[in-house]
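One structure below.
The values are calculated or read from the model by the stated rules, or taken from the named source; none is laboratory data. Keep in mind the model is a prediction, meaning the values are calculated, not measured. Methodologically, a virtual Cβ is constructed for each residue, glycine included, from the backbone with ideal geometry; neighbour enumeration extends over all protein chains shown. Remember, those area values only see protein heavy atoms, side chains included, never the ligands or the DNA or RNA. Shrake-Rupley method; radii C 1.70, N 1.55, O 1.52, S 1.80 Å.
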Amino acid sequence: GSPAASTQTVAVGKDGLVFTPDTIHANTGDEIVFEFYPKNHAVVQADFNNPCNPSASGHGIFSGFVPSPAGRAVSNKTFTVKIEDDKKPIWLYCPQNNPKSHCASGMVAVINPPQYSPNTLSAFKVA
């Protein structure tokens, strides 16, 4: 049989303009729960070759912006992504542009990065 689904938590903005962790490995059926920290962040899916822009498919992940009070997460507002295919990487960024672009500042992440590919999180950050 297949392993039981698990849940992993990602902190959005807890440690500055970053996702913690920024690289997530998950199996099909697993859930990734995003917790939001101050001040106002979102999670958006991008294509590897077009970071800081929503996925061209039009069916990507978008949490909506989640404003948070100073110093703590919004306990009643999380965003959960269920992994449909653990062979497909999911590239993510924060689209907040106030007071500066969070994505351009390196606030990006990946779920299931390709193992043998130049498409790495580091390359995504540079792009």
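Pop out the carbon and sulfur fraction of the accessible area of the stretch 1-106 as a percent, whole number, probe 1.4 Å.
49
In sequence order, what are the phi-derived ³J(HN,Hα) couplings for the stretch 36-43 according to the Karplus relation 6.51 cos²θ - 1.76 cosθ + 1.60 with θ = phi - 60°, rounded to whole Hz, with x for glycine and proline?
9, 10, x, 9, 7, 10, 8, 10
Compute the Rg to Rh ratio over the stretch 31-100 from the alpha carbon atoms, using the Kirkwood formula for Rh, and round to two decimal places.
Reported Rg/Rh, Kirkwood definition of Rh: 0.99.
On a 1.4 Å probe surface of the protein chains, which of T7, T23 comes out largest in accessible area, and what is the full order?
T7, T23
By per-residue mean of other Cβ atoms within 10 Å, what is the highest-first order of 112-124, 31-43?
Ranking, from highest mean packing down: 31-43, 112-124.
Given the options A56, A104, A46, state which has the largest fluctuation in a GNM of the chain using a 10 Å cut-off (strictly under) for Cα springs.
Of A56, A104, A46, the most mobile in the Gaussian network model is A56.
Can you tell me which of G58, G106, G16 moves the most in a GNM of the chain? Springs connect C-alpha atoms under 10 Å apart.
Its mean-square fluctuation being the largest, the pick is G58.
Would you report the distance distribution of C-alpha pairs in the chain as whole percents per 10 angstrom bin, up to the bin with the largest distance?
Over the chain, the share of Cα pairs per 10 Å bin runs 14, 46, 33, 7, 0 percent.
Find how much the distance from Q8 to D47 grows on full extension, using 0.36 nm per residue of separation minus their present alpha carbon separation; answer in nm with one decimal.
Contour length minus the Cα-Cα distance gives 11.8 nm.
Given a 1.4 Å probe, how much area per residue of the chain is accessible, in Å²?
56
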